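Read the figures in this text as sums done on the coordinates, not as results from a lab. Owing to the predicted nature of the structure, the values given are computational and were not obtained by experimental measurement. In this analysis, Cβ positions are derived from the backbone assuming ideal geometry, glycine residues included, and neighbour counts consider all displayed protein chains.
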Amino acid sequence: MNSVYTDRVLRFVQKFDWAEVPPAVRHQTQRCLLDTLGALIAGTQTSPAKIVATVAERQYGGAEATILVRGSKTSAAGAALANGFSANALDIDDGYRAIKGHPGACALPVVLTAAELSPSCTGTDFLTALLIGYELGIRAGLIRHARYTTYHSSGSWGAVAGAAAAGRLLGLSPKALRHAMGAAEYHAPIAPMMKGIETPSMGKDGIGWGAMVAMLSVLMAKAGFTGIEPIFSDTPEPSWIDNLGREWEVLNLYFKPYAACRWAQPAVDGALHIQAQTGLRPEDVSAIRIRTFEAACALSIRPPTNTEEAQYNIAFPVAAALIDGEVGPRQVLPPRIDDADILDILLKTRTEVVQDYETAFPARTYAEVVIETTGGETFSSGRMEPRWEAPDSLPADGELESKFRWLVKPVLGEKRCDRLISTVWDFEGVTDAAKLIRLCGPSTLFRGGDLW
């Protein structure tokens with residue numbers, strides 16, 4: 001343990017100046033805000049998000065912060081918890097390959113809550129905190145995985161990132177911020193991810209709980225609560241901390257075109273590639289073989305009974321893509337998860353481990369799809385990687401806007417989609433960051449394109 005690394009993190013959090021950030025990084029932060037916000041808004045329509053929001057409204061009294069879309073007010077902890085569960089409810093939020101997790105969904109719910117606790121929060125303040133959350137979340141994840149052999153959930157390191165981001169917005173002193181990050185690390189959910197993949201549940205990636213822990217840790221530290229020495233002092237690789245503010249890991253994220261585990265997405269693209277090249281009809285499929293790495297083969301190929309089982313599945317998204325041409329909220333929510341045609345293809349699907357692909361994981365996530373037809377033909381996709389991966393296949397701004405509309409329009413309507421998109425792109429000039437939260441409120445507050 002070397003506390004000098006946490007000292008450097010504290011200086012980064014407190015001295016960080018948005019005006020000194022390279023334009024490409026500032027723009028990427030806005031792209032991340034748009035993408036993660038879209039995932040969160042769409043996620044509010046899932047059963048786990050609705051359950052947690054209802055519990056938060058009942059158990060976390062107060063009116064400090066907002067549960068998005070519902071527009072209800074709870075304590076800061078309750079809002080962070082509910083919004084945290086929504087952010088990852090559809091597994092369509094961004095991620096970082098080496099930590100096998102989701103920094104955006106960990107940071108955004110806490111930043112949203114902290115922004116409401118800070119009445120002078122501007123759009124630039126908000127983006128600054130969000131970027132801090134990304135940069136420190138990725139580094140905390142790297143350290144977590146280097147120090148522990150068990151693959152832990154995003155919430156296990158995301159809580160530290162959320163505490164740093166909220167601590168910046170709420171003006172914590174260096175001493176209090178150190179304790180906030182330490183308390184967040186100590187109380188974060190240490191969730192065994194592979195067990196959650198073996199038996200999918202509403203707990204998902206531990207992000208909701210991590211967001212709540214982050215928010216509470218900041219508020220407790222501000223009141224004098226002490227924590228352990230934060231995870232940054234445990235780094236086995238000094239460059240992970242020394243390069244803060246010089247190397248921007250937010251540029252190395254992947255984005256997700258499908259509501260499914262990232263490990264399944266190269267297989268989805270493989271199946272769609274075959275279909276596009278051959279004109280394959282779903283009814284002509286006799287068998288599907290997915291050749292990939294071991295962790296992807298641990299995903300289920302059984303018919304799902306709920307949205308979590310549909311997302312932590314490799315056969316279901318492939319089958320749904322071949323039938324519908326997409327894998328989004330409509331596919332992974334009832335009643336579509338029970339569709340007979342999708343399940344027919346799912347039952348024809350098998351997986352196998354390819355040693356070269358296993359060796360490449362987690363730096364690369366490869367899959368090959370082999371489809372046999374009822375007419376005796378065999379088609380192979382060749383080796384596939386998922387789309388929207390850094391650095392070569394990242395989505396253009398227009399593609400992220402289309403994804404946002406795809407996710408948000410069914411929830412908030414077309415006018416608010418447009419308003420939210422323009423607000424995010426212009427967020428550096430927004431004087432009141434809470435405008436973004438108000439735009440995500442219930443329809444009764446939004447009439448004729450104006451907020452009431």
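Checking the a/c ratio against 1.5 first, then a/b against b/c, what shape does the Cα gyration tensor give for the range 392-439?
It is oblate, given that a/c is not under 1.5 and a/b is not larger than b/c.
Based on the mean of other Cβ atoms within 10 Å per residue, sort peptides 145-152, 41-48, 211-218 so the most packed one is first.
Descending mean neighbour count gives 211-218, 41-48, 145-152.
Is the C-alpha gyration tensor of the range 78-195 telling us rounded, prolate or oblate? Criteria: a/c under 1.5 is rounded; beyond that, a/b larger than b/c is prolate, otherwise oblate.
Prolate shape, in that a/c is at least 1.5 and a/b is the bigger ratio.
Hey, what do the phi angles of the range 227-241 turn into as Karplus ³J(HN,Hα) couplings, whole Hz, using 6.51/-1.76/1.60 and θ = phi - 60°, x for Gly and Pro?
Karplus-based 3J(HN,Hα) across the range 227-241 equals x, 6, 5, x, 4, 5, 6, 9, 4, x, 10, x, 5, 4, 9 Hz.
LYS222: which lysines have alpha carbons under 23 Å from its alpha carbon, excluding same-chain residues fewer than 8 sequence positions away?
Filter leaves LYS15, LYS73, LYS175.
Between the range 34-98 and the range 388-428, what is the separation of their alpha carbon centroids in Å?
Distance between centres, Cα-based: 19 Å.
Quick check on the chain: helices-only [θ] at 222 nm, where DSSP H runs of length 4 and up contribute -39,500 (n - 2.57) each and the sum goes over total residues. Nearest 500, please.
Roughly -16000 deg cm²/dmol at 222 nm, from the helical runs in the chain.
Quick query: amide H of GLU64 versus all other amide H atoms, modeled in the peptide plane; which residues come in under 5 Å with a sequence gap of 5 or more or a different chain?
Residues meeting the criterion, in which the H sits 1.01 Å from N, are THR74, SER75, ALA76.
Tell me which label goes with the value of Rg and Dmax of the Cα atoms in Å computed from the coordinates here: (1) 21.3, 72; (2) 52.7, 177; (3) 21.4, 65.
Computed from these coordinates, Rg and Dmax of the Cα atoms in Å corresponds to label (1).
Can you give the Rg/Rh ratio of the range 334-452, where Rg is from the C-alpha atoms and Rh is the Kirkwood radius?
For the range 334-452, the value is 1.14.
Can you give the Kirkwood hydrodynamic radius of the range 169-304 from its Cα pairs, in Å with one decimal?
19.1 Å
Kindly express, to the nearest 10 degrees and within the range 0 to 90, the angle between helix 76-87's C-alpha long axis and the longest C-alpha principal axis of the chain.
Relative to the chain, helix 76-87 is tipped by roughly 20 degrees.
Under a point-charge model restricted to the Cβ atoms of Lys and Arg (+1) and Asp and Glu (-1), what is the dipole moment magnitude of the chain relative to its Cα centre, in debye to the nearest 20?
1180 debye
I'd like the Karplus ³J(HN,Hα) series for the range 7-23: coefficients 6.51, -1.76, 1.60, θ = phi - 60°, whole numbers in Hz, and an x wherever there's a Gly or Pro.
Result, ordered by residue: 4, 5, 4, 4, 5, 4, 4, 8, 9, 4, 10, 4, 5, 8, 6, x, x Hz.
Each residue of the range 61-70 in order: what ³J(HN,Hα) in whole Hz does its phi give by Karplus 6.51 cos²θ - 1.76 cosθ + 1.60, θ = phi - 60°, with x for Gly and Pro?
Along the range 61-70, the couplings run x, x, 9, 7, 8, 10, 8, 4, 6, 5 Hz.
If I take R0 = 25 Å and measure r between the Cβ atoms of ARG350 and ILE190 in this structure, what FRET efficiency does the formula 1/(1 + (r/R0)^6) give, to the nearest 0.05?
Approximately 0.15, to the nearest 0.05.
Express as a percent, rounded to the nearest 5, the fraction of DSSP beta bridges in the range 289-390 (both residues included) that run antiparallel.
60 percent
Under a Cβ-Cβ cut-off of 14 Å, what is the net charge of the residues other than PRO119 that fall near it, where Lys and Arg count +1 and Asp and Glu count -1?
So the environment of PRO119 carries a net charge of -2.
Among rounded, prolate and oblate, which fits the range 159-243 when a ≥ b ≥ c are the square roots of the eigenvalues of its C-alpha gyration tensor, a/c under 1.5 means rounded, and a/b larger than b/c means prolate?
Because a/c hits 1.5 or more and a/b fails to exceed b/c, the range 159-243 counts as oblate.
Relative contact order for the chain using alpha-carbon pairs under 8 Å, separation at least 6, rounded to a whole percent?
Over the chain, the number comes to 19 percent.
In 5 Å bins starting at 0, how do the alpha-carbon pair distances of the range 142-198 split up by percent?
For the range 142-198, the binned pair fractions read 4, 20, 25, 20, 14, 9, 5, 2, 0 percent.
Taking H placed 1.01 Å from N in the peptide plane, check which residues at least 5 places from VAL327 or on another chain put their amide H under 5 Å from its amide H.
Here ALA259 satisfy the definition.
Within the chain, what percent of beta bridges assigned by DSSP are antiparallel, to the nearest 5?
Roughly 75 percent of the beta bridges in the chain run antiparallel, per DSSP.
Of the listed peptides 108-120, 25-37, 412-424, what is their order by residue-averaged count of other C-beta atoms within 10 Å, with the highest listed first?
Highest to lowest by the protection proxy: 108-120, 25-37, 412-424.
Please report the net charge: other residues with Cβ closer than 13 Å to the Cβ of VAL52, K and R +1, D and E -1.
Value of the local net charge: +3.
Where Rh is the Kirkwood radius over the Cα pairs of the range 1-58, the temperature 37 °C and the viscosity 0.692 mPa s, what D in µm²/s does Stokes-Einstein return?
Value of D from the Cα-based Kirkwood radius: 220 µm²/s.
Provide the packing ranking of 235-246, 83-94, i.e. peptides ordered by the mean count of other C-beta atoms within 10 Å per residue, highest first.
83-94, 235-246
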